[in-house]
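Asks: Just passing along the structure, written as structure tokens.
The values are calculated or read from the model by the stated rules, or taken from the named source; none is laboratory data. Every value quoted in this text rests on a predicted model; they were computed, and no experiment measured them. Positions of Cβ are backbone-derived with ideal geometry, glycine not excepted, and every protein chain shown enters the neighbour counts. Heavy atoms of the whole protein, side chains included, go into the accessibility calculation; ligands, DNA and RNA do not. Shrake-Rupley method; radii C 1.70, N 1.55, O 1.52, S 1.80 Å.
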Amino acid sequence: MTKLFRALATHLLAGAFLLTAFTGGAHADTTEPTDTELAAEWQTAWDTYKFAEPAPPPAPGSGRSRQTSTISITINAPAWRVFPAYSNINNHIGRAAFLKRVATHKDWCERGTRLINLTAIEDIPYQGTIISLHTHAQQRIHAAELYYETDTWSEPNVVTHQRISFSVLRDGSTKVTERLTFEADDALIDFTVANGTASHQQTQTALKQAIESGEL
């Protein structure tokens, strides 16, 4: 696991050097970016990678791969409590690995759907320094249908498409199912899927505990 993490960190640093010219997405220091700077990064990523637009799977030989995993958890609380607590990304701070803060750039509604443009800042310790990873995202919350979607982009050109749905069970509890689709370079895809899925499972468990205890 340590070797895998170091491999990812090396790729992140390499990506930072290659992409610094147009986006400050990863930094091997503790400088705190302003929300204005993060908003500019978000817009550049959005315009460059169009990470929320549906796209066909990467072509064979393109050097890119796409994989999907699905994870579920049952929370012993009604959906009317679970959904707003779980879909609030700020509640993931302190429960998702390395997540330090969330910068919200825009929050608005269109035809009953709430849309949020945001950047998640993760501080990852690596060999005596801190790699600040900026994950740019758009979240779309469909409260009436009890699901939300999140599309993200982060260095080194890793894209995720997430659909998190909430089902009311007969005993009044709520089943949360996350369908996670990852796209990355061939050399990173297996690591991205394994560790991305594990991170989401950790967050699921932490949110379950917080909701069931009444903390959220």
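Asks: Can you list residue pairs whose Cβ atoms sit under 7 Å apart, with the first residue in segment 32-51 being farther than 20 Å from ASP123 by Cα and the second being surrounded by fewer than 19 Cβ atoms within 10 Å (Cβ to Cβ)? Count only pairs 6 or more apart in sequence or on different chains.
Replies: Pairs that qualify, where the first residue is farther than 20 Å from ASP123 by Cα and the partner is surrounded by fewer than 19 Cβ atoms within 10 Å (Cβ to Cβ), are THR44/PHE22.
Asks: Right, here's the next one. Name the one entry in THR74, THR44 that is within 20 Å of TYR147 (Cα to Cα) and either outside any loop (DSSP other than H, G, I, E, B) or touching a Gly at 6+ places or on another chain (Cβ under 6 Å) (or both). Show your work before the answer.
Replies: Details: THR44 fails: within 20 Å of TYR147 (Cα to Cα).
Exactly one residue qualifies, and that residue is THR74.
Asks: Now a separate question. Are there any pairs, at least 6 apart or on different chains, whose C-beta atoms fall under 7 Å, with the first in segment 136-149 and in a helix (DSSP H, G or I) and the second crowded, with 18+ Cβ neighbours inside 10 Å, and if so, which?
Replies: Note: pairs meeting the criteria are ALA143/PHE83.
Asks: Regarding segment 57-74, can at least one residue be identified that is free of Cβ contacts under 8 Å to residues at least 24 places away in the same chain, of a type in the set (D, E, K, R) and open to solvent by 70 Å² or more (accessible area, probe 1.4 Å)?
Replies: Scanning segment 57-74 turns up no residue that is free of Cβ contacts under 8 Å to residues at least 24 places away in the same chain, of a type in the set (D, E, K, R) and open to solvent by 70 Å² or more (accessible area, probe 1.4 Å).
Asks: Here is a follow-up. In segment 81-92, what residues are over 21 Å from HIS161 (Cβ atoms) and surrounded by 13 or more Cβ atoms within 10 Å (Cβ to Cβ)? Show your work before the answer.
Replies: Taking segment 81-92 first, the residues over 21 Å from HIS161 (Cβ atoms) are 81-82, 84-85, 90-91.
Once the filter is applied, which keeps residues that are over 21 Å from HIS161 (Cβ atoms) and surrounded by 13 or more Cβ atoms within 10 Å (Cβ to Cβ), segment 81-92 yields ARG81, VAL82, PRO84, ALA85, ASN91.
Asks: While we're on this one: Is it the case that some residue within segment 181-189 is of a type outside the set (A, V, I, L, M) and closer than 15 Å to PRO84 by Cα? Full working, then the answer.
Replies: As a first pass, look at segment 181-189 and keep what is of a type outside the set (A, V, I, L, M): 181-183, 185-186.
Applying the additional criterion that residues be closer than 15 Å to PRO84 by Cα yields none.
No, that holds for no residue.
So that you can scan it fast, the table gives a plain yes or no per residue for (1) without any contact (Cβ under 8 Å) to a residue 40 or more places away in the chain; (2) open to solvent by 40 Å² or more (accessible area, probe 1.4 Å); (3) under 30 Å from PRO78 (Cα atoms):
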site: SER173; (1), (2), (3): no, no, yes
site: GLU178; (1), (2), (3): no, no, yes
site: LEU188; (1), (2), (3): no, no, no
site: PHE191; (1), (2), (3): no, no, no
site: HIS200; (1), (2), (3): no, yes, yes
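Asks: Out of ARG95, ARG163, ARG114, which single residue is open to solvent by 20 Å² or more (accessible area, probe 1.4 Å), over 30 Å from GLU32 (Cβ atoms) and either of a type in the set (Lys, Arg) or assigned to a strand (DSSP E or B) (or both)?
Replies: Criteria check complete, one pass: ARG163.
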